[in-house]
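Note sheet for the following structure.
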Amino acid sequence: MVKLTQDLKKTAESMPHLSWGGTVPRVLSVHEELKTLLSTLFIEGGTGTGMDGIICQLWDDTGFAAPGTDKRQAVYGEMQFSLLGAVTEDDWFDLLSRGNVIGGGLMSRLNIIGTEGKYQNVPKMKPPDFTVLQESFLPRIVQLAKAPCHIPPSEGADRVIAEWVETLPESSVRMNVHVWRSALLLAWLRREETITEKTAADAVLLGEYQVASQEFYRTVKIDNPYAAVQDKILRSLRMKGLATRRQLQQRTNAGRVGTELWNRALEGLLKDGRLGKGEDGGFFLAVAE
């Protein structure tokens, strides 16, 4: 990332697709296996923290700065950066429970699109045809490079989003920014001269989905394997409901940690009153949970 920004002339000449009309580099970082990137965020020695901080900075602005370490000088750069990635449910919770992704601010900057719902696997995917979308969408992107588009909010849009923000829980950090960005994009797609009240209401619907997704995929830092197994058991029951011991073992991949550790974790939750067990042998979350 630093190399791309240190010599903009060289970047423009060697990779013209990364800079448009003499602007700063525009980078879309695509990760089919996002777990590789997430793993780097927890590298000790400042590297992981530096990467986390850079991603957060580039969500807010186009400039970034990474502090120096004993092996690397402080680095600075400027770019427009977007991140697109996919990760399995198990890898998401396992990896993010090792660090402070919530306190560090990364979680609140992500647009999360979850697939909880027991979607079936398919043997083959039919390649989509984006021709119509490209022909209608890409020319407008080119126009933006030549003439920036300013779309102010209407009074109705201001009111709709302000009223919604007042209802947000304290944990919904930066969700107001997510909604205003969605409102701006929708207004541009609809060719509006101002962000209308209807567009603001639609952006709020997207915001409500993100609030629910952030809560659904929220993680806490876990310091030992015993606590990690307990967290998996609780999350499985919270997400998928009542389950027998065998079903819970299958859902939480008990074989990976060993049944001895897994059974101790389950018994600990029962002893603490966080789980209940029905007459039919099914486990469920206690009322307090």
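The values are calculated or read from the model by the stated rules, or taken from the named source; none is laboratory data. Please read all numbers here as calculations on a predicted model, not as lab measurements. All Cβ positions, even for glycine, are placed from backbone atoms using ideal geometry, and neighbour counts span all protein chains on display.
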Discussion item. I'd like to know if segment 135-146 contains one or more residues that are in a loop (DSSP other than H, G, I, E, B), without any contact (Cβ under 8 Å) to a residue 60 or more places away in the chain and out of contact with any Lys or Arg (no Cβ under 7 Å at 6 or more places or on another chain).
Written reply: no
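Conditions tested, residue by residue: (1) at pLDDT 75 or above; (2) within 26 Å of residue 236 (Cβ to Cβ); (3) of a type in the set (S, T, N, Q).
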{"position": "91", "(1), (2), (3)": "yes, yes, no"}
{"position": "95", "(1), (2), (3)": "yes, yes, no"}
{"position": "102", "(1), (2), (3)": "no, yes, no"}
{"position": "129", "(1), (2), (3)": "yes, no, no"}
Item to complete: With respect to residue 162, determine if the residue is within 21 Å of residue 188 (Cα to Cα) and touching a residue at least 60 places away in the same chain (Cβ under 8 Å).
Response: no
Worksheet item: In segment 56-76, what count of residues is obtained for those that are surrounded by 18 or more Cβ atoms within 10 Å (Cβ to Cβ), over 17 Å from the mean Cα position of the chain (by Cα) and at pLDDT 85 or above?
Response: 1
Worksheet item: Of the residues that sit in segment 232-289 and are under 20 Å from residue 88 (Cβ atoms) and of a type in the set (Ser, Thr, Tyr), which one is modelled with the lowest pLDDT?
Response: 236
Item to complete: Among the residues of segment 184-205, write down those that are in contact with a Leu (Cβ under 9 Å, 6 or more places away or on another chain) and in a helix (DSSP H, G or I).
Response: 186, 188, 199, 200, 202, 203
Item to complete: Out of 224, 253, report the one residue that is touching a residue at least 60 places away in the same chain (Cβ under 8 Å) and more than 19 Å from the chain's Cα centre (by Cα).
Response: 253
Worksheet, complete the sentence: Checked segment 161-183 for anything outside any loop (DSSP other than H, G, I, E, B) and either in contact with a helix residue (DSSP H, G or I) (Cβ under 7 Å, 6 or more places away or on another chain) or charged (D, E, K, R) (or both); matches are 161, 163, 164, 165, 175, 176, 178, 179, 180, 181, 182, 183
Item to complete: Please report, ordered by residue number, the helices (runs of 4 or more DSSP H) entirely within segment 216-289 with at least 1 residues that are under 26 Å from residue 171 (Cβ atoms).
Response: 225-240, 245-251, 259-271
Discussion item. Among the listed residues 132, 177, 142, identify the single one that is out of contact with any strand residue (DSSP E or B) (no Cβ under 9 Å at 6 or more places or on another chain), of a type in the set (A, V, I, L, M) and closer than 24 Å to residue 59 by Cβ.
Written reply: 177
Fill in: Qualifying residues in segment 15-27 (those that are of a type in the set (Gly, Ala, Ser) and either modelled with pLDDT of 80 or more or touching a helix residue (DSSP H, G or I) at 6+ places or on another chain (Cβ under 6 Å) (or both)) - the one surrounded by the fewest Cβ atoms within 10 Å (Cβ to Cβ)
21
Practice prompt. From 198, 240, grab the single residue that is without any contact (Cβ under 8 Å) to a residue 40 or more places away in the chain, closer than 30 Å to residue 158 by Cα and of a type in the set (Lys, Arg).
Written response: 198
Discussion item. Return the residues of segment 28-55 that are at pLDDT 85 or above and either over 24 Å from residue 111 (Cα atoms) or surrounded by 16 or more Cβ atoms within 10 Å (Cβ to Cβ) (or both); say none if nothing qualifies.
Written reply: 34, 35, 54, 55
Fill in: Residue that is surrounded by the fewest Cβ atoms within 10 Å (Cβ to Cβ), among those in segment 197-244 that are under 30 Å from residue 280 (Cβ atoms) and among the aromatic types (Phe, Trp, Tyr)
216
